[in-house]
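Following: one structure in structure tokens, then a few remarks.
The values are calculated or read from the model by the stated rules, or taken from the named source; none is laboratory data. Fair warning: this is a prediction, and the values are worked out from it, not measured in the lab. For neighbour counting, all protein chains shown are included, and Cβ atoms are generated from backbone atoms with ideal geometry for every residue, glycine included.
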Amino acid sequence: MVTVQKKKLAVVTLGCQMNKHDSERIVGLLSGEYELTQQREEADFLVVNTCSVRDKAEQKFFSLLGRLRPLKEANKKLIIGVAGCVAQDQARAIMKRESMVDLVIGPRALENIPAMLERFRRTGEPQVDTSDAGIVDDFAINRESKISAWVSIMEGCDNYCSYCIVPYTRGAERSRSPESIAEEIRSLAEQGYREVTLLGQNVNSYGSGLSKDIDFPGLLEKVDKIDGIERIRFVTSHPKDLSVKLMEAMANLPKVAPALHLPLQSGSDKILKKMNRMYTISHYYEKVEMLSEKVTDIALTTDLIVGFPGETDEDFEATYNALKNIEFYNIFLFKYSKRRGTAAAQFSDQVSAVTASERFERITQLQKKITDKKYGKWVGEEVEILVEGRSKKERARYTGRTPQNLIVHFQSDIDYTGKIINIRIGKAGKYSLDGQVENPISRG
């Protein structure tokens, strides 16, 4: 029997969870011909999966291309592909600016990569595909983790926040069928996966475009019934679509984790209106209060933007005060980044870089204190964690996550990877907890 040696594929992923999931799809699509390598120098095909949510991420991509140029010069047969949101938004500019790029693939055209590769090899001509291949219910995927899996439930966004380029790069909202999602998750459970994270730009609006009468809480109920899966997470939620029904699902469905990422963006009603967020700070406060009452020990995280056009000192103080009042476990903080083609890019009242940086630093210092307080409250408590494997930084230690998605490190002579065990927390670190095995009896 003749064994055909596979070619080498390298994938560099920039950006969000959706991009990480898309990269897993790319690896799966090409698994018949390519095997994954972490060494770019070995690659026969190198894909950069890009992010364009902020200018910094976009510039990071173009800088990376420059660093990849010596690889192309050293190996003329190396095929370089660009995928993701920058590919969708700037396909022509990429091909004009970077002659070393051979393939440009938009996020809704991933299924066409094998055919694009075949055409490139046959013709030697660069290939560009930013078309819409349609919603894909069944696809090959090669997952990085064997414990926790990303599961896409919908694509696109219909909200058109004034600062955001995602609706233009990922298109309109559309949902996968609940049967396809459940089938994928059952397959994951059979393979030994313990946790799934349901992905979408706005999972709260799941069900749009489907002929069946189902919403996101209804989907959670279906997934909660699948044997073998112990934890269900989801990202991202839009505050305007966070319903009481979803809060009750989080409270009552035993597998749904008490953790929610709920982007606030600003604490000022004036700025929220300019952002086209479609809620007020009082509405946000009301929903947070209801969540806290219904879901025990819920851990909230959020996104914030400082320096948005027109943001005055008063507007910023409203955001600062919202942060103090709500006390998120963690935040993802950004300086406003002008994105071509968005409504906010046309606003004339841009905030200076110096002012944005000062506000960024004030929020950062406040959140450090809040995070220390939130993590510190777990010291002395016994928590249940799903063990993910050895610590990346300290190989003699193991790492897991609590239902609240807090990272826990611990020492053990026994490998509990993939198990759910109890840990007594002894110390709170900057963004993680330390503990010791309290109850050796594990699930799984």
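Meeting the requirement of 2 or more residues that are in contact with a helix residue (DSSP H, G or I) (Cβ under 7 Å, 6 or more places away or on another chain) and of a type outside the set (Lys, Arg), the strands (runs of 3 or more DSSP E) wholly within the range 224-320 are 231-235, 299-306. Name the residues in the range 78-111 that are of a type outside the set (A, V, I, L, M) and touching a Leu at 6+ places or on another chain (Cβ under 6 Å), would you? If the condition is that a residue be of a type outside the set (A, V, I, L, M) and touching a Leu at 6+ places or on another chain (Cβ under 6 Å), then GLY81, GLU98 are the ones that fit.
Of the residues making up the range 109-141, those that are at pLDDT 90 or above, part of a loop (DSSP other than H, G, I, E, B) and either in contact with a helix residue (DSSP H, G or I) (Cβ under 6 Å, 6 or more places away or on another chain) or at negative phi (or both) number 5. Just a yes or no: is a residue in the range 210-218 under 22 Å from the mean Cα position of the chain (by Cα) and hydroxyl-bearing (Ser, Thr, Tyr)? No, the conditions are met nowhere in the range 210-218.
For ARG122, the requirement of being more than 20 Å from SER243 (Cβ to Cβ) and either among the aromatic types (Phe, Trp, Tyr) or crowded, with 16+ Cβ neighbours inside 10 Å (or both) is not met.
From the list ALA172, ALA182, ALA149, ALA83, the one residue that fits, being in a strand (DSSP E or B), outside the structural domain of GLU35 (by TED's automatic domain parsing) and out of contact with any Cys (no Cβ under 7 Å at 6 or more places or on another chain), is ALA149.
The residue that is nearest to GLN90 (Cα to Cα), counting only those in the range 32-64 that are among the β-branched types (Val, Ile, Thr) and under 17 Å from the mean Cα position of the chain (by Cα), is THR50. Report yes if ILE165 is over 30 Å from LYS274 (Cβ atoms), in contact with a helix residue (DSSP H, G or I) (Cβ under 8 Å, 6 or more places away or on another chain) and buried (at least 20 other Cβ atoms within 10 Å of the Cβ), otherwise no. In short, no.
Scanning the range 14-55 for residues that are closer than 22 Å to ARG339 by Cα, modelled with pLDDT of 95 or more and out of contact with any Gly (no Cβ under 7 Å at 6 or more places or on another chain) gives a single hit, VAL48.
Does the range 197-219 contain at least one residue that is within 25 Å of LYS374 (Cα to Cα) and in contact with a strand residue (DSSP E or B) (Cβ under 7 Å, 6 or more places away or on another chain)? Checked the range 197-219: at least one residue is within 25 Å of LYS374 (Cα to Cα) and in contact with a strand residue (DSSP E or B) (Cβ under 7 Å, 6 or more places away or on another chain). Within the range 321-338, the set of residues being outside any helix (DSSP H, G or I) and of a type in the set (Lys, Arg) comprises LYS335, LYS338. Would you mind stating whether ARG174 is among the charged types (D, E, K, R), more than 22 Å from LYS212 (Cα to Cα) and in contact with a strand residue (DSSP E or B) (Cβ under 9 Å, 6 or more places away or on another chain)? In short, no. Taken together, GLY435, GLY400, GLY380, GLY426 contain a single residue that is more than 26 Å from LEU333 (Cα to Cα), small (Gly, Ala, Ser), surrounded by 15 or more Cβ atoms within 10 Å (Cβ to Cβ) and out of contact with any helix residue (DSSP H, G or I) (no Cβ under 7 Å at 6 or more places or on another chain), which is GLY435. Name every residue in the range 291-341 that is basic (Lys, Arg) and more than 30 Å from ALA257 (Cβ to Cβ), in order of residue number. Residues satisfying the conditions are LYS335, LYS338, ARG339, ARG340.
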